[in-house]
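The values are calculated or read from the model by the stated rules, or taken from the named source; none is laboratory data. The structure presented is a predicted model; accordingly, all values stated were derived computationally and were not measured. Ideal geometry is used to build each Cβ from the backbone, glycine not excepted, and the neighbour counts take in all protein chains shown. For accessibility, only protein heavy atoms count, side chains too; no ligands or nucleic acids. Shrake-Rupley method; radii C 1.70, N 1.55, O 1.52, S 1.80 Å.
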Amino acid sequence: MMAAAESMRISVAARQAEYRQTPIWAEWRGVPPQSPIALQRSAELIPAQVVESAGKRYLVWIEPELPRGKTHHYAIRPNPRPTEGFTHKLTENALQIAYKGKPFTAYVLRGAPKPYLYPVYGPNDKPITRHFPMQLVQGERTDHPHHRSVWFTHGEVNGVDFWTEGAGRGVIVHRGLEKAESGPVLARWVARNQWQLPDGKPILDETTEVICYAAPDSRWLDYTVALTALDADVKFGDTKEGTFGVRVASSMEVTRNAGGQIVNASGQRDREAWGKRATWCDYTGIVEGDTVGIAIFDHPANLRHPTYWHVRDYGLFAANPFGVHDFEAGKPKGTGDHTLKRGETLTFRYRLWLHKGRTEEAGVARQYEAYRTPPTLIWR
């Protein structure tokens, strides 16, 4: 067991990437302190939060700036100046998340054929995803009413369409919250959902974890979905209609004159990025006078990494590992099928990074490398 927080130290070494305003998790092997804590380096105090996940405890903070090849040495101290961070509130239909007293996002549990995040506020404190179909806002497109801000589902699951909505489609039903917590560094919740066929028969259990972080010019949402096949095998079909989806604010669309732009990790842009494989993709545009962006990072452990991108100039932005025959000319239907055997679990992990500026100036590639390769951590 480690000593009290006042005498603990940790070294953070950037051996493979640089970490600038990046969330860091360090496993804590001991009894955590009861009071607010911080990491101290010289006169700098960085707020920290202790989180329990999968039976382990972690110390979590936002690393301000650690260049590649450098090491920072921190003392763990009680925080004499606790900072205002995240709060959460559960209502009848949603888990609402705020940061420093301002809305951050909400996880909508009920009232639609699937759970989703809405609204989602960008780094300029303005909504960065489309309002429709949740609200009617003048000037927005009203196509594809199943594009609900941020969501996870698929268009062909055992032959049933879970992507669109209406009669004869599958639904994802919220079953309960296992955890909801918030503090100076992050907000986090774990939800249990169930995928049901049109006749109500369940075929998949879903556990979704969402973690929210914030910094002066950035916001992050880490979205993890674990799907477990129930009484029979479940086949995810080869279709472009899926899977982890975002509908960006209408003012960000490439088709608008405001200068929307799509860029992926391979440098392909706008319409050229559709159906291509890449480790990340970034959609930038104008929101209420500010240039902002939504980058989606595909975790290296995900199925068929790097994923295919079902990203459109009219505002749809989705990571889809299944739609191979749609994305690659000449591939037969079924090439992208994936069968999850009864009792097996398939996990997907994505990071949404909401940033200011265009792709290059924001440093999306650098942020992805920090996501892909955590720093080396040494407790002392």
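Is it fair to say D205 is modelled with pLDDT under 95 and either within 14 Å of L346 (Cα to Cα) or surrounded by fewer than 20 Cβ atoms within 10 Å (Cβ to Cβ) (or both)? Considered against the rule, which asks whether it is modelled with pLDDT under 95 and either within 14 Å of L346 (Cα to Cα) or surrounded by fewer than 20 Cβ atoms within 10 Å (Cβ to Cβ) (or both), D205 comes out as no.
Report yes if some residue within the range 300-318 is closer than 19 Å to H131 by Cβ, modelled with pLDDT of 95 or more, in contact with a Leu (Cβ under 9 Å, 6 or more places away or on another chain) and surrounded by 23 or more Cβ atoms within 10 Å (Cβ to Cβ); otherwise report no. No, because not a single residue in the range 300-318 is closer than 19 Å to H131 by Cβ, modelled with pLDDT of 95 or more, in contact with a Leu (Cβ under 9 Å, 6 or more places away or on another chain) and surrounded by 23 or more Cβ atoms within 10 Å (Cβ to Cβ). When G289 is tested against (1) within 22 Å of H131 (Cα to Cα); (2) in contact with a strand residue (DSSP E or B) (Cβ under 8 Å, 6 or more places away or on another chain), only condition (2) is not met.
Determine whether the range 165-177 contains at least one residue that is open to solvent by 10 Å² or more (accessible area, probe 1.4 Å), farther than 21 Å from V210 by Cα and touching a Phe, Trp or Tyr at 6+ places or on another chain (Cβ under 9 Å). Yes - at least one qualifying residue is present in the range 165-177. Entry remark, the range 210-227: residues being farther than 19 Å from D125 by Cα and buried (at least 18 other Cβ atoms within 10 Å of the Cβ) number 4 in total. Cβ-Cβ contacts under 7 Å between residues 6 or more apart (or on different chains), taken from a first residue in the range 33-56 that is touching a residue at least 12 places away in the same chain (Cβ under 8 Å) to a second residue that is assigned to a strand (DSSP E or B) and open to solvent by 90 Å² or more (accessible area, probe 1.4 Å), are listed as R41/H73. Taking the residues in the range 250-264 that are among the polar types (S, T, N, Q) and open to solvent by 30 Å² or more (accessible area, probe 1.4 Å) as candidates, determine which candidate is modelled with the lowest pLDDT. For the range 250-264, the residue satisfying everything is N257. Residues that are within 29 Å of I128 (Cβ to Cβ), in contact with a Gly (Cβ under 6 Å, 6 or more places away or on another chain), acidic (D, E) and touching a residue at least 60 places away in the same chain (Cβ under 8 Å) are absent from the range 170-185. Looking across the range 166-212, the residues that are more than 23 Å from the chain's Cα centre (by Cα) and under 23 Å from A319 (Cβ atoms) come down to R169, G170, I203.
Among residues of the range 77-89 that are touching a residue at least 40 places away in the same chain (Cβ under 8 Å), those with a beta-carbon under 6 Å from a residue that is of a type in the set (F, W, Y) at least six positions away or on a different chain give the pairs F86/Y99.
Here the strands (runs of 3 or more DSSP E) wholly within the range 34-123 that include at least 2 residues being farther than 30 Å from V173 by Cβ and open to solvent by less than 50 Å² (accessible area, probe 1.4 Å) are 37-41, 44-53, 56-66, 71-78.
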